[in-house]
Amino acid sequence: MLSEQAHLAGIERLVYLAAPGTPAADLQPIEDLGFETLELPPLAENEAGVASHDELGLNRLIESIVLPVQDLDGTQVAVIPHNSNASFRILKRVIDLALAIGLVLAIWWAMIIIWAAVRLQSPGPGIYRQPRIGQNGRLFTCLKFRTMLLSTPDRGTHEISDTAVTGLGRFLRRTKLDELPQVFNVIRNEMTFVGPRPSLPSQSEVVIERERRGVLQAKPGITGLAQINGIDMSDPVRLAEYDQRYLELQSPRLDFQIMLATLVGRGGGDRTRK
């Protein structure tokens, strides 16, 4: 359960603040993730005639998306407000942290084995570090298990010959295991599990199309709606359209569906040139 993974991240309680009168059926998916759900009372006016929940001591919790935060009795608690742009971002960040830390603790040994196998099969580092376009156009270093020969030029995957991919690299790319090191990008808050895949700075058409549609405002993801539909960086317009569609429809349920589709092998990474 998510609450168990959150505890590993130092978060002792996950609390969702529901709007007054929220149907129980709408809260059930949130509770299934391990959240406590608390219904807010109707807004009350303070002495200045302003509607406020300040008397509950919640205002300082709702304003911040830095997790974990500390509640009044000293317990580390992540509080998610209802019906705001910040609420989805906070919930997404809590889930990202819990899943990423849980994955590292569960499969660190497998990551070491893959790293060693990559080093043994061909000369070069086990981890490939590459500058990518992040949220708001900022550059960050994206981590992957190396799947290509060290002499491969730093270009978009669809521009690189299939012969540059190592034998082990083909397996890692097909199973998407090459993306595992990106859980550290998630922990560092540079990426999220579900979002637009990060492009290279040199992929100017992708950057322009995404900027035109407001996609660069989003944090890049390990997987995304475009990827599970087989759309890669070689089709910048269609890619940006699917990225924009995801941002318009994003929800915890959609993120779960995309992650599940990725796990069962739907879609794939950028295709190499034959």
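The values are calculated or read from the model by the stated rules, or taken from the named source; none is laboratory data. Everything numeric in this text was worked out from a predicted model, so none of it was measured. Virtual Cβ from ideal backbone geometry, glycine too; neighbours counted across all protein chains shown.
Quick one: is T192 surrounded by fewer than 23 Cβ atoms within 10 Å (Cβ to Cβ), over 18 Å from S234 (Cα atoms) and β-branched (V, I, T)?
Here the answer is no, as T192 does not meet what is asked.
Looking at segment 235-242, can you tell me whether even one residue there is in the same structural domain as F171 (by TED's automatic domain parsing), in a helix (DSSP H, G or I) and within 16 Å of N136 (Cα to Cα)? Before you say what the answer is, go through the steps one by one.
Initial filter on segment 235-242 (in the same structural domain as F171 (by TED's automatic domain parsing)): 235-242.
Retained after the next criterion (residues that are in a helix (DSSP H, G or I)): 236-242.
Next, from what is left, pick out any that are within 16 Å of N136 (Cα to Cα): 240.
Yes, segment 235-242 has at least one match.
Are there any pairs, at least 6 apart or on different chains, whose C-beta atoms fall under 8 Å, with the first in segment 87-100 and within 8 Å of F193 (Cβ to Cβ) and the second of a type in the set (A, V, I, L, M) and not in a helix (DSSP H, G or I), and if so, which?
Qualifying pairs under 8 Å: I95/L33.
Can you work out which of the residues in segment 243-274 that are in contact with a His (Cβ under 8 Å, 6 or more places away or on another chain) and in a loop (DSSP other than H, G, I, E, B) is modelled with the lowest pLDDT?
For segment 243-274, the residue satisfying everything is T272.
Within segment 201-222, can you find the residues that are within 21 Å of I160 (Cβ to Cβ) and within 18 Å of the chain's Cα centre (by Cα)?
P220, I222 - these are the residues of segment 201-222 that are within 21 Å of I160 (Cβ to Cβ) and within 18 Å of the chain's Cα centre (by Cα).
Of these, D255, D232, D178, which one is in contact (Cβ under 8 Å) with a residue 12 or more places away in the chain and closer than 21 Å to K92 by Cα?
Matching residue, one of D255, D232, D178: D255.
Quick test for you: out of R197, R210, pick the one residue that is in a helix (DSSP H, G or I), of a type in the set (D, E, K, R), buried (at least 17 other Cβ atoms within 10 Å of the Cβ) and in contact with a Pro (Cβ under 8 Å, 6 or more places away or on another chain). Before you say what the answer is, go through the steps one by one.
Numbers: R197 fails: in a helix (DSSP H, G or I).
On inspection, the qualifying residue turns out to be R210.
Determine whether F171 is among the aromatic types (F, W, Y) and touching a helix residue (DSSP H, G or I) at 6+ places or on another chain (Cβ under 7 Å). Walk me through how you get there before you give the answer.
Details: among the aromatic types (F, W, Y): yes; touching a helix residue (DSSP H, G or I) at 6+ places or on another chain (Cβ under 7 Å): no.
So F171 does not fit the description; no.
Look at segment 240-269 and say how many of its residues are closer than 17 Å to Q135 by Cβ and crowded, with 17+ Cβ neighbours inside 10 Å.
Residues in segment 240-269 being closer than 17 Å to Q135 by Cβ and crowded, with 17+ Cβ neighbours inside 10 Å: 6 in total.
Is it the case that segment 167-182 has a residue that's surrounded by 16 or more Cβ atoms within 10 Å (Cβ to Cβ) and touching a Gly at 6+ places or on another chain (Cβ under 6 Å)? Even if it seems obvious, please write down each step before you answer.
Taking segment 167-182 and keeping what is surrounded by 16 or more Cβ atoms within 10 Å (Cβ to Cβ), we get 168-169, 172-173, 176-182.
Keeping just the survivors that are touching a Gly at 6+ places or on another chain (Cβ under 6 Å) gives 173.
Checked against the condition, which is being surrounded by 16 or more Cβ atoms within 10 Å (Cβ to Cβ) and touching a Gly at 6+ places or on another chain (Cβ under 6 Å), segment 167-182 yields at least one hit.
Do you know which of the residues in segment 213-233 that are under 21 Å from Q182 (Cβ atoms) and among the small types (G, A, S) is modelled with the lowest pLDDT?
G230
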